[in-house]
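Let me begin by presenting the structure, written as structure tokens, before commenting on it.
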Amino acid sequence: MSLWVDAYRPRTLNDLQYHKDLSARLKSLASSGDFPHMLFYGPSGAGKKTRITATLLELFGNGVDKLKIDQRVFLTPSKRKVEVNIVQSNYHIEITPSEAGNYDRVIIQELIKEIAQTQQVDLNAKQRFKVVIINEADSLSRDAQAALRRTMEKYMSNLRIILCANSTSRLIAPIRSRCLLIRVPAPSKSEMQDVMQYVSRRAGFDLPPDVSDKIIADCDGNMRKCILVLEALKMQSPDLTGDVTIAKPDWELYCNKVGDMIIAEQTPARVMDVRAKLYELLSHCIPPTVILKTIAERIVSRVDEAIKPQIMHWAALYEVRMRNGTKKIFHLEAWVIKVMSIYKHHFYGMDLTELMEDF
Amino acid sequence: MSFFDKRTSKTASNAKHVVDPALQPWVEKYRPQTIDDISAQEHTVAVLQKTLTSTNLPHMLFYGPPGTGKTSTVLALSKQLFGPDNFRNRVLELNASDERGISIVREKVKNFARQTPRAQAVSEDGKVYPCPPYKIIILDEADSMTQDAQGALRRIMENYAHITRFCLVCNYVTRIIEPLASRCSKFRFTPLDPHSATDRLNHIATAERVAVTPEVIDALIKSSGGDLRRAITYLQSASRLSSSTQPPTPITARDIQEIAGTVPDQVLHGFAHVIGVDVPGFQNEPPPKSPFDAIQKKVKELSREGYSATQLLNQLHDLVVLHPTLNGKQKSQCGLVFAEADKALCDGADEELWTLEVALQVHKAVV
């Protein structure tokens, strides 16, 4: 038995429940025969992937859902071996080049050129071209993106590329200008409500509106999370009545606890406690950016209006440093100490901004 | 059968590679065929015209922002010099999608450079081409070549100058090492002026039988910022969208904005209002009670909508810098914030955090 997220995922463009005009657009593009390179972008859980698979189905018919998973080994110029997983059908191929880290350029150059230079052999295929889906395109390195530029123009007759990204900021302009940009916004509250009612109807139970409201408020526009939470709740209390509480993930509670600790006491001893907790979070593979954001949000919701902007300012600054640096814990800790000092200064009514600037 | 079977690639290479013109991107389809076709860049065109008659050509370095016609110019020039039949064996084009480490420069480039140019084949189309006695090596996107690879080129360029000319094409001339740059005559390509861009777009629209209004052309030029390739791609995307619906709908300026990923003015003004910048249409609404919470809520809302942070900041920057009532000090403070945020976003920082940061700082500066 599969999860509801997969079981009730819309398969065709007609089944999609929201962004109807976008679906209509995709449908007409797929049937026009003049299909461009595309770039889908939007927050996670908005339905980018669902729309891409539905578009593929519209393009090629039933063959696209016969998937197989391959592992391929590429050789970098320095003779290192890089392994990548590839999901493919007869008509399309799906890669996540960021798996290969710094060597993603090799994959782009070799794999895409290889596909681009072979023509479709299946004479019954509906389209003459193959589709390459590149996941997490925003984490492609600059080199890899540069390698895509000319390939996209040169092999237009054999190949279409669909990029899937959270944001277009990290894609270089030449790539953006070669694609048709498709923005997939997160669904609105009422749209999410509709989808949840639909899922519960398909699963065979009634969903009380107040429960779904609660779930929606918790999920912040992420449809996938919404349905996962719904399923988890249904498992916990099958009748979904009375007082349902949505269990927050452990790491979120843990982050909130860290936030509370910072506000409660600002001493070197407390910094050590916080440090232990941060290590704990990091060793459980919670991304440092997520940790920082969650703690920051917890803190700003509980402090005085006057210091909120400062806390966010330093959070933003240390976040970028964290990305450039290699040791995440240094920057997390530095930020914690910064916040403590801001808080304390504010608490005792001292204005030590001049001193703090050298910090 | 898998994609990767060797057999299929062989059969494909035997079959002549024919591209259906209907499927070609317009950017390729309407690449200028002769250097007279090139829009704007009068100076460069005038100089290159002379080389057509004199059969003498220096090494060249073309630089300028994307979409100004650098690659088109060099391709058109070599086509005119050699004609279609000699083009294949006289011109080597390498770009960033090919491997271009130092080993390639030493082997492929050097081998091609040292070959004596083959005798001129009789052109099938009956035209007479100048076909001067040298070959051209085009290094496209040369700024993405490594320093070492560029260094290896130095001597090659001099040694084989009598039979080979190099043409380096790049966006940032500063990334080309000085010894290479000094061996070339430099040509700067400027962003297209709106007038010649309009002409070119109109020409393509007529050739493709797409109905465009002046407003659409205006929107195209505005959202592409002097990059003709971008404008043409947007036009093609828009025409695809409009012609694929039944019945075909005319292209509107809003379509172009959506394709270009521009944030609609209404959304932008809503954001500007929350952070305390005066914008038309919002004067009557009172400022929010708790500015921080309002800003945080708005930023969350925007990131849920999926707008890209860079685009949002660019447009906010334009709004603030051209704002009629803010004073110089406020504007320059905002400018600092935008610069910082741009750098951070380039480094891959979290978009939501930095949008919030910019919003808070701008708020602090203008209120």
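The values are calculated or read from the model by the stated rules, or taken from the named source; none is laboratory data. Fair warning: this is a prediction, and the values are worked out from it, not measured in the lab. Ideal geometry is used to build each Cβ from the backbone, glycine not excepted, and the neighbour counts take in all protein chains shown. Please note that ligands, DNA and RNA were not included when accessible areas were found on the heavy atoms of the full protein model with its side chains. Shrake-Rupley method; radii C 1.70, N 1.55, O 1.52, S 1.80 Å.
I'm checking my understanding of the structure. Among residues of region A:313-339 that are open to solvent by less than 10 Å² (accessible area, probe 1.4 Å) and aliphatic (A, V, I, L, M), which one is farthest from the other protein chains (Cβ to nearest Cβ)? Outline the logic, then answer.
Of region A:313-339, the ones open to solvent by less than 10 Å² (accessible area, probe 1.4 Å) are A:315-316, A:319, A:322, A:329, A:332, A:335-336, A:338-339.
Then drop every residue that is not aliphatic (A, V, I, L, M), which leaves A:315-316, A:322, A:329, A:332, A:336, A:339.
Numbers: A:315: 6, A:316: 4, A:322: 9, A:329: 18, A:332: 14, A:336: 16, A:339: 14 Å.
Here the answer is A:329.
Does residue B:367 satisfy the criteria of being within 14 Å of another protein chain (Cβ to nearest Cβ), surrounded by fewer than 21 Cβ atoms within 10 Å (Cβ to Cβ) and among the β-branched types (Val, Ile, Thr)?
On the way: within 14 Å of another protein chain (Cβ to nearest Cβ): yes; surrounded by fewer than 21 Cβ atoms within 10 Å (Cβ to Cβ): yes; among the β-branched types (Val, Ile, Thr): yes.
Yes, satisfied.
Just to be sure I understand the filter: pairs with C-beta atoms under 9 Å, separated by 6 or more residues or on different chains, first member in region A:41-55 and under 13 Å from residue A:220 (Cα atoms), second member acidic (Asp, Glu). Which pairs pass?
Between residues of region A:41-55 that are under 13 Å from residue A:220 (Cα atoms) and residues that are acidic (Asp, Glu), the close pairs are A:43/A:220; A:43/B:305; A:45/A:220.
May I ask you to list the residues in region A:1-17 that are part of a loop (DSSP other than H, G, I, E, B), touching a residue at least 12 places away in the same chain (Cβ under 8 Å) and open to solvent by 20 Å² or more (accessible area, probe 1.4 Å)?
Quick first cut of region A:1-17, residues part of a loop (DSSP other than H, G, I, E, B) only: A:1-3, A:8-12, A:16-17.
Still in the list and also touching a residue at least 12 places away in the same chain (Cβ under 8 Å): A:3, A:8-12, A:16-17.
Selection gives A:3, A:8, A:9, A:10, A:11, A:12, A:17.
Hey, among the residues in region B:346-362 that are assigned to a loop (DSSP other than H, G, I, E, B) and acidic (Asp, Glu), which one's surrounded by the fewest Cβ atoms within 10 Å (Cβ to Cβ)?
Initial filter on region B:346-362 (assigned to a loop (DSSP other than H, G, I, E, B)): B:347-350.
Those still in the list that are acidic (Asp, Glu) too: B:347, B:350.
On the way: B:347: 13, B:350: 24.
Going through the qualifying residues, I end up with B:347.
Would you call residue A:75 under 23 Å from residue B:95 (Cα atoms), open to solvent by 10 Å² or more (accessible area, probe 1.4 Å) and in the same structural domain as residue A:154 (by TED's automatic domain parsing)?
Values: under 23 Å from residue B:95 (Cα atoms): yes; open to solvent by 10 Å² or more (accessible area, probe 1.4 Å): yes; in the same structural domain as residue A:154 (by TED's automatic domain parsing): yes.
Criteria met by residue A:75.
If you go through region B:139-177 one residue at a time, how many are in contact with a Ser or Thr (Cβ under 7 Å, 6 or more places away or on another chain) and in contact (Cβ under 8 Å) with a residue 60 or more places away in the chain?
Qualifying residue count, region B:139-177: 2.
Is region A:128-148 home to any residue that is part of a loop (DSSP other than H, G, I, E, B), surrounded by fewer than 17 Cβ atoms within 10 Å (Cβ to Cβ) and without any contact (Cβ under 8 Å) to a residue 40 or more places away in the chain? Can you show your working first?
Taking region A:128-148 and keeping what is part of a loop (DSSP other than H, G, I, E, B), we get A:128-129, A:135-136, A:140-141.
This time we only want the ones that are surrounded by fewer than 17 Cβ atoms within 10 Å (Cβ to Cβ), so: A:128, A:136.
With the extra rule that they be without any contact (Cβ under 8 Å) to a residue 40 or more places away in the chain, the set shrinks to A:128.
Yes, that holds for at least one residue.
Can you name every residue in region B:317-338 that is under 13 Å from residue B:278 (Cβ atoms), surrounded by 12 or more Cβ atoms within 10 Å (Cβ to Cβ) and of a type in the set (Val, Ile, Thr)?
Answer for region B:317-338, where residues must be under 13 Å from residue B:278 (Cβ atoms), surrounded by 12 or more Cβ atoms within 10 Å (Cβ to Cβ) and of a type in the set (Val, Ile, Thr): just B:320.
Could you run through region B:116-128 and say how many residues are at pLDDT 75 or above, open to solvent by 40 Å² or more (accessible area, probe 1.4 Å) and either among the polar types (S, T, N, Q) or touching a Phe, Trp or Tyr at 6+ places or on another chain (Cβ under 9 Å) (or both)?
1
So, in region B:1-60, exactly how many residues are assigned to a helix (DSSP H, G or I), within 11 Å of another protein chain (Cβ to nearest Cβ), modelled with pLDDT of 50 or more and open to solvent by 50 Å² or more (accessible area, probe 1.4 Å)?
Residues that pass the stated criteria total 3.
Here are A:161, A:107, A:93: which of them is assigned to a helix (DSSP H, G or I) and either open to solvent by less than 20 Å² (accessible area, probe 1.4 Å) or outside the structural domain of residue A:59 (by TED's automatic domain parsing) (or both)? Steps first, answer last, please.
Working: A:161 fails: assigned to a helix (DSSP H, G or I); A:93 fails: assigned to a helix (DSSP H, G or I).
The unique qualifying residue is A:107.
Output the residues belonging to region B:225-275 that are in a helix (DSSP H, G or I), more than 10 Å from every other protein chain (Cβ to nearest Cβ) and buried (at least 19 other Cβ atoms within 10 Å of the Cβ).
Hits for region B:225-275 are B:228, B:235, B:255, B:256, B:268, B:271, B:272, B:273, B:274.
Please tell me if residue A:30 is of a type in the set (Gly, Ala, Ser), open to solvent by less than 10 Å² (accessible area, probe 1.4 Å) and more than 25 Å from the chain's Cα centre (by Cα). Please lay out each step first, then the result.
Details: of a type in the set (Gly, Ala, Ser): yes; open to solvent by less than 10 Å² (accessible area, probe 1.4 Å): yes; more than 25 Å from the chain's Cα centre (by Cα): yes.
The answer is yes for residue A:30.
Please go through region B:189-224 and pick out each residue that is among the small types (Gly, Ala, Ser) and either within 19 Å of the chain's Cα centre (by Cα) or assigned to a loop (DSSP other than H, G, I, E, B) (or both). Give the steps one after another, and end with the answer.
The initial filter retains those residues of region B:189-224 that are among the small types (Gly, Ala, Ser), namely B:196-197, B:205, B:207, B:211, B:219, B:223-224.
Once the filter is applied, which keeps residues that are among the small types (Gly, Ala, Ser) and either within 19 Å of the chain's Cα centre (by Cα) or assigned to a loop (DSSP other than H, G, I, E, B) (or both), region B:189-224 yields B:196, B:197, B:211, B:219, B:223, B:224.
With respect to residue B:213, determine if the residue is touching a Gly at 6+ places or on another chain (Cβ under 7 Å), among the hydroxyl-bearing types (Ser, Thr, Tyr) and at pLDDT below 90. If you could, list the steps in order and put the result at the bottom.
On the way: touching a Gly at 6+ places or on another chain (Cβ under 7 Å): no; among the hydroxyl-bearing types (Ser, Thr, Tyr): yes; at pLDDT below 90: yes.
No.
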